[in-house]
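Let me begin by presenting the structure, written as structure tokens, before commenting on it.
Just so it is clear, none of the values below were taken in a lab; they were calculated from the coordinates. All figures in this text were calculated on a predicted structure; none of them were measured in a lab. Cβ atoms come from the backbone with ideal geometry, glycine included; neighbour counts cover every protein chain shown.
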Amino acid sequence: MDQSDVGNDLANILLTEEQLQKRLSEMAGQIDADYEGKDLLLVGVLKGAIMVMADLARHLHSQVQMDWMAVSSYGSGTKSSGVVRILKDLDTDLTGRNVLIVEDIIDSGLTLSWLAQNLRSRGPESVEIAAMLRKPEAAKVDVEVKYVGYDIPNEFVVGYGLDYAEKYRNLPFVGTLAPHVYGG
Ligand code: XMP
Ligand code: MG
């Protein structure tokens, strides 16, 4: 799928594939340095983080393990409520592990704040967060994010793992949706 296939649905491209990959490679460099000589477990949050996880992991030189969680936050439509339910838990015991949560986007921060706290209660050595995108204007809680790809405006975005009604996840770039797509 490329821009022409979805051109009618997108208002504009916010971050190109090149920009995403360049930033991921810089983030990977930092992560490699920070975790040198330590074990590292990447925890991807399904489904949005699939692309970030796959690309970030390939930019890393360190040996890492990868595991996945699926969570859903109660709430309607595109708003998260902060009440989170685990749909799929980790297979990995976190005792003594260095955990890096890998997320697609931080909006209100409620989901990640809950998740980080949940994982910290499992006896890990450390829990940090890496997120490809962050909307600073949407923040409702302070979440300490050690690695951030890009800060973006407070608009609904799709692509690179992010969906609208399960569509657009496979786009290699991030764009904003045209209003007609969501009934605007
Ligand atoms: P909170 O508000 O808890 O929400 O930080 C984070 C989760 O909400 C979803 N989300 C989005 N999904 N485009 C999307 O496709 C967006 O602009 C967007 N903003 C938030 C996403 O699942 C994220 O993990
Ligand atoms: Mg998500």
Exercise. Taking 0.36 nm per residue of separation and subtracting the Cα-Cα distance, what length does fully extending Asp151 through Glu18 add?
Worked result: 46.2 nm
Problem set entry | Computed magnitude of the charge dipole of segment 94-139 (debye, nearest 20; Cβ of K, R +1, Cβ of D, E -1) | 180 debye
Exercise. Once you charge only the Cβ atoms, +1 for Lys and Arg and -1 for Asp and Glu, what is the size of the charge dipole of segment 19-153 about its Cα centre, to the nearest 20 debye?
Worked result: 420 debye
Exercise. Taking the Cα centre of each part, how many Å lie between segment 138-155 and segment 160-179?
Worked result: 18 Å
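Assuming 0.36 nm per residue, please report the length gained on full extension of the stretch Met66 to Lys167 beyond their Cα-Cα distance. Display every interim value, and only then the final one.
Numbers: separation 101, 0.36 × 101 = 36.36 nm, distance 2.50 nm.
The Met66-Lys167 span can extend by a further 33.9 nm.
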Seminar exercise, completed: antiparallel share of DSSP beta bridges within segment 19-153, to nearest 5, in %, is 15 percent
Exercise. Within the chain, how many Lys pairs sit with Cα atoms under 16 Å apart, leaving out pairs fewer than 8 places apart on the same chain?
Worked result: 5
